[in-house]
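The values are calculated or read from the model by the stated rules, or taken from the named source; none is laboratory data. Values in this document were obtained by computation on a predicted structure and should not be read as measured data. Here Cβ is always computed from backbone atoms with ideal geometry, including for glycine, and neighbour counts include all displayed protein chains. Side chains included, ligands, DNA and RNA excluded: accessible areas come from the protein's heavy atoms. Shrake-Rupley method; radii C 1.70, N 1.55, O 1.52, S 1.80 Å.
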Amino acid sequence: MKLFLRETPEISETEVEIRYREKDHEVDKCVRVISSSTDVIPGINDKGDTEMIYISQILYVEAVDRDVFAYKADGVYKIRKTLYELEDDLKEKFFVRISKSTIVNIKAVRSVAPEDFRRIKLLLKNGEHLIVSRSYANDFKTAIGMKG
């Protein structure tokens, strides 16, 4: 694959063109990466202000009681969607469910280690640890390419 970058000051927004002989896995992956880096969702910060959050900056999403929170390296944001709605929105953007209440960005995972009772311990890029429950371990392994 060749990559060409060209600065064009006269355009109003960034354009991306992908040329290919035939659409394959590599092309699909490029589209997913580009799409996920520009997608945003509204989140409410600790001051009550609504901010647009880039999905690619979210480390993980967690449901606590009846609220859903998106965790970034620099803060926590309340999201006005259910975890199920977010899971559906994020499944094509490198996110995978790791427990009943948590969805993780697999690009935010620094390392993976086995844990007791067939669980998996994740170390995120910000130093936090998350646990993949037994029920979701196979899905997680598949998502990161360790299985199937």
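So which residues in the range 40-66 are over 15 Å from the mean Cα position of the chain (by Cα), aliphatic (A, V, I, L, M) and surrounded by 12 or more Cβ atoms within 10 Å (Cβ to Cβ), if there are any at all?
Across the range 40-66, the qualifying residues are Ile44, Ala63.
Does the range 67-79 contain any residue that is over 15 Å from the mean Cα position of the chain (by Cα), surrounded by fewer than 18 Cβ atoms within 10 Å (Cβ to Cβ) and outside any strand (DSSP E or B)?
Yes, some residue in the range 67-79 is over 15 Å from the mean Cα position of the chain (by Cα), surrounded by fewer than 18 Cβ atoms within 10 Å (Cβ to Cβ) and outside any strand (DSSP E or B).
How do the pairs read when you match residues in the range 52-80 that are at pLDDT below 95 with residues anywhere that are among the aromatic types (Phe, Trp, Tyr), using Cβ under 6 Å and keeping only pairs 6 or more apart or on different chains?
Ile53/Tyr77
Among the residues of the range 74-104, which ones are more than 24 Å from Gly145 (Cβ to Cβ) and of a type in the set (Gly, Ala, Ser)?
Gly75, Ser101
Cβ-Cβ below 8 Å, separation at least six or inter-chain, first residue in the range 91-116 and closer than 18 Å to Ser56 by Cβ, second open to solvent by 40 Å² or more (accessible area, probe 1.4 Å) and of a type in the set (Lys, Arg): which pairs?
As it stands, the answer is Glu92/Arg32; Lys93/Arg32; Phe94/Arg32; Phe94/Lys107; Ala108/Lys125; Val109/Lys125; Arg110/Lys125, since those pairs meet every condition given.
Considering only residues that are open to solvent by 20 Å² or more (accessible area, probe 1.4 Å) and aromatic (Phe, Trp, Tyr), look in the range 95-141 and name the one that is farthest from Cys30 (Cα to Cα).
Filtering first and then ranking leaves Phe117.
Restricting attention to the range 8-31, does a residue exist that is surrounded by 10 or more Cβ atoms within 10 Å (Cβ to Cβ) and part of a strand (DSSP E or B)?
No, the conditions are met nowhere in the range 8-31.
Based on this model, can you work out whether Ser35 counts as on the phi < 0 side of the Ramachandran plot, of a type in the set (Gly, Ala, Ser) and open to solvent by 60 Å² or more (accessible area, probe 1.4 Å)?
no
Which count do you get for residues in the range 97-142 that are of a type in the set (A, V, I, L, M) and not in a strand (DSSP E or B)?
Number satisfying all stated conditions: 3.
Filter the range 37-51 down to residues that are among the hydrophobic types (A, V, I, L, M, F, W, C) and under 14 Å from Asp89 (Cα atoms) and give me whichever is modelled with the highest pLDDT.
The residue in question is Ile41.
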